[in-house]
Amino acid sequence: MRKNHEIPDSFCGTLVLHDEQNTPHDYFFSVNGFNVEIIPCTDDARKFIDYLDFYSGQEKHRYCKFVFGKTSDGQYKVAFLLNGFLNYKFKTSIILMGISIDISTFNAIEFRGGIVNILHPVDNAFNNNETEDCRYESTSIKDKSEFTKTFKNVQIEGEEFDIEYSIRPFWRHNIKKGQAPSFEETVSFIRFDFSESKKLLDIKKYCGYVLKLFQFCSMAKNTGFDIRLYTNDAGGNKMPIHVKYKSPYNNYIQDELDIYKVVFFKDLGDKFRDLFTLLNDTKKAPALDFSPETNEQFGQVGAFDIITIINSLEREYALLREANFLGASGSDIQLKEASCDLHGKIISLIDNESCSGEVKTKAKNLIGNLKGFEPSQREKIQEIYSTYEQEFNKIVNTDAVRDSNKQELSRTNFIKMVGEFVRMRGTFAHTGIKWNESTQIYKHLIVLIYFSILCRAGYERAERIGILERAFHSDSGRFGIVACYYLNK
């Protein structure tokens, strides 16, 4: 998703398009960025495009498929994603290029560089030896097992594949004495390997899978990376297919991140598989919509962030309750039982009254909500807080992470601020959001969400603390005291 230098910005060649009778038509093409222009090679080819142009707008002529061709020198096979109506000019979001191989399917997809270099730092692959006066002496590559992790038979949405994250070490020696070599061409990657060939249209699906992992680890949506496909040749060797992918983002969070305030892949340990599965399980996935989408939103809290983070907490509450992580003795359970009991008593009183059946029915309808008692947003957040209070305090009540007054955040103060935070959210729909000082617990609410996600993924208490202690350890970065601004100006 960041600029990929393996496919040039401009090139030309020929491609083949098939009409509704599957008759092939040849065209010349030229590419500039993600814009493709085609020129018919024959009169029938021109008539086909004119026909589509005449009926453009009809849903049956909307395409979502790859079209194939080759470069003008005949050396490379190319493919473009056609997603929309075909004309003499069209835009594509994916360009593929491979040398003398079948590029219509793939057996592995690899996400590399960019955010991956931060979440799995490239220096994990090297031993840097220094002299006593801290001058560079030599560099050696660690054993691959020290920076590679493989997870077999990961299951998502009914399909199974292997996941591996690792590093491809490469460095250039600097001939100047005493200076360390450059590691700029070293790249970290995470790869999905499939036992059966996959269709090119599946690329976006697998991007969606890995984006959820990157969003969780970086706490942002606008993550950038390159993509590479691999297809198996006749001998079973993996042959690369280069990919140029048009990102929906104008900038990338890795340009702003403090690399020590993320969740590293290695932090996730052997339960990496379980977390990855949970993040991509439609029924169990967290709602992380409060994550920033642009670098301009980085470290800011907007009006819609107040709404989305409460929605996320409500989802975590429901999922924790469903998985019995909140315990059967939770206050909301007691309140629900008490409200049901009261509902029954009131129904008995209504039945014993000497009035018309119509009046009794109306009275019963008025108290119907009492039987379906649902804890308030404040009560739900408080219940999550009570569940993780001890480990939560180990993160937020340290010398590095405090509230804005640099004072320890007590239980009483936190619960009070939760009430103010929920009240602030309630003003949004009526009078526009009315900001108050409870915005200073925004980062604390994110900590609660992350504790809940890790708990649901099977991480033990000590593991959860270990993972989040570093990512949330400082005021100065992503989870510092954030500034507020209005999104609804």
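The numbers here are math on the coordinates, done by the rules we state, and not lab data. No experiment lies behind these values; they were computed from the predicted model shown. Here Cβ is always computed from backbone atoms with ideal geometry, including for glycine, and neighbour counts include all displayed protein chains.
Distance between the 7 Å Cα→Cβ label points at F28 and E314: 5.9 nm.
In this calculation the C-beta distance from K238 to T427 is compared with R0 = 60 Å, giving a FRET efficiency of 0.60. Along the range 87-98 the Karplus relation, 6.51 cos²θ - 1.76 cosθ + 1.60 evaluated at θ = phi - 60°, assigns HN-Hα couplings of 8, 5, 10, 8, 9, 10, 10, 9, 10, 10, 8, x Hz to successive residues, with x for each Gly and Pro.
Work out, step by step, the length gained on full extension between L342 and R470: first 0.36 nm times the residue separation, then minus their alpha carbon distance; give nm to one decimal.
41.3 nm
Below 11 angstrom from the Cβ of K77, what's the summed charge of the other residues (Lys, Arg +1; Asp, Glu -1)? Spelling it out: positives minus negatives among the neighbours equals 0. A full extension of the chain between I307 and D162 corresponds to an added length of 48.5 nm, given 0.36 nm per residue minus the alpha carbon distance. Three principal axis extents describe the C-alpha atoms of the range 10-99; from largest down they are 35, 26, 20 Å. Stretching the chain fully between K144 and D123 yields a gain of 6.3 nm (0.36 nm per residue, less the alpha carbon separation).
Here r is the Cβ-Cβ distance between E293 and R62 and R0 is 30 Å; the resulting FRET efficiency, rounded to 0.05, is 0.65.
Per the Cauchy relation, a quarter of the hull surface: what is the mean projected area of the convex hull of the alpha carbons in the range 105-279, in nm²?
12.2 nm²
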